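What follows is a short report on a single structure.
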Amino acid sequence: MLNALLENRLTEREKQIIEVARKSFLTYGYAGTNVDQIAQEVGIGKGTVYRHFKSKAYLFIAVVLYTYQEMIAYFLPIPQISDPAEAFVHYLHTLIELNRKLKPFFALLNPMEFGREFQHDCGDNPEVKNLLEHFQQQRQQGIQLLVSLIERLQKAGALRNDIAPQELSRMMFVLINNYFRKEPGVVEEDYDNEKALLDFIFSGLNYKGKVSKEDRS
């Protein structure tokens, strides 16, 4: 299963289980989700779920990786953009688009926040640990792309900020991800001011690179 997941060779049944499980984890959290619920919604027996995914912790990490691989697809065109300023703006637009379209899924991107039950279920299971380690590696690769763009912009003088690129990347991820987090009492439209958000980021970075016409509008 590990290789099938990482090499995108999941069967339709496995994808169905993962997608149903994802809805359950997002709705009820890790502790509030059980395999019986998932099996019932898919229309199979609990034993069938366990034949594909050996434990709830294993299934949860599979959901995290499956979700993250969907997100990675959005960033694939960026390394092909030769102009670092254009690539940088495209990266920020992509991160904002993902938060707008898939923001509930971002709750899945830090598995250790799901509490003691998840950590207990992981135990010393090497397969679950391998999945978690692979996720962290993929996540770091995504961050490293932004770090490399910032390094190039700083070197070219288009981004006049002395903060280390790794730290700037972390700041931007935290800012954008939290900006689109829905809070009680705040209407949805209040989270959709992309221009103001980008202006705030560019101002803080002292960004002097190129900005597209769309960004200026």
Could you please tell me which pairs satisfy a Cβ distance under 7 Å, a separation of 6+ or placement on different chains, a first residue in the range 188-200 that is under 14 Å from Asn99 (Cα atoms), and a second residue that is modelled with pLDDT of 80 or more and not hydrophobic (A, V, I, L, M, F, W, C)?
Tyr191/Tyr179; Leu197/Tyr179
What's the total number of residues in the range 156-180 that are assigned to a loop (DSSP other than H, G, I, E, B) and of a type outside the set (A, V, I, L, M, F, W, C)?
4
Which of the residues spanning the range 33-63 are surrounded by fewer than 16 Cβ atoms within 10 Å (Cβ to Cβ) and closer than 22 Å to Phe135 by Cβ?
Tyr50, Lys54
For residues that are modelled with pLDDT under 80, part of a helix (DSSP H, G or I) and within 19 Å of Phe180 (Cβ to Cβ), tally how many sit in the range 71-112.
9
Looking only at residues in the range 174-189 that are surrounded by 11 or more Cβ atoms within 10 Å (Cβ to Cβ) and at pLDDT below 85, which one is nearest to the chain's Cα centre (by Cα)?
Asn177
Restrict the check to the range 119-126 and report whether at least one residue is outside any loop (DSSP other than H, G, I, E, B), at pLDDT 80 or above and of a type outside the set (Gly, Ala, Ser).
no
Among the residues of the range 149-172, the number that are buried (at least 16 other Cβ atoms within 10 Å of the Cβ) and either of a type outside the set (A, V, I, L, M) or free of Cβ contacts under 8 Å to residues at least 24 places away in the same chain (or both) is 5
Check on Leu153, part of a helix (DSSP H, G or I), within 20 Å of Glu97 (Cβ to Cβ) and modelled with pLDDT of 90 or more:
no
All positions within the range 1-32 that are among the hydroxyl-bearing types (Ser, Thr, Tyr) and either at pLDDT 95 or above or closer than 18 Å to Asn125 by Cβ (or both)
Tyr30
Does Phe135 satisfy being part of a helix (DSSP H, G or I), under 15 Å from the mean Cα position of the chain (by Cα) and at pLDDT below 75?
yes
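The values are calculated or read from the model by the stated rules, or taken from the named source; none is laboratory data. Since this is a predicted model, take the numbers as computed values, not measurements. Heads up, the Cβs are rebuilt from the backbone with ideal geometry, glycines too, and the neighbour counts pull from every protein chain shown.
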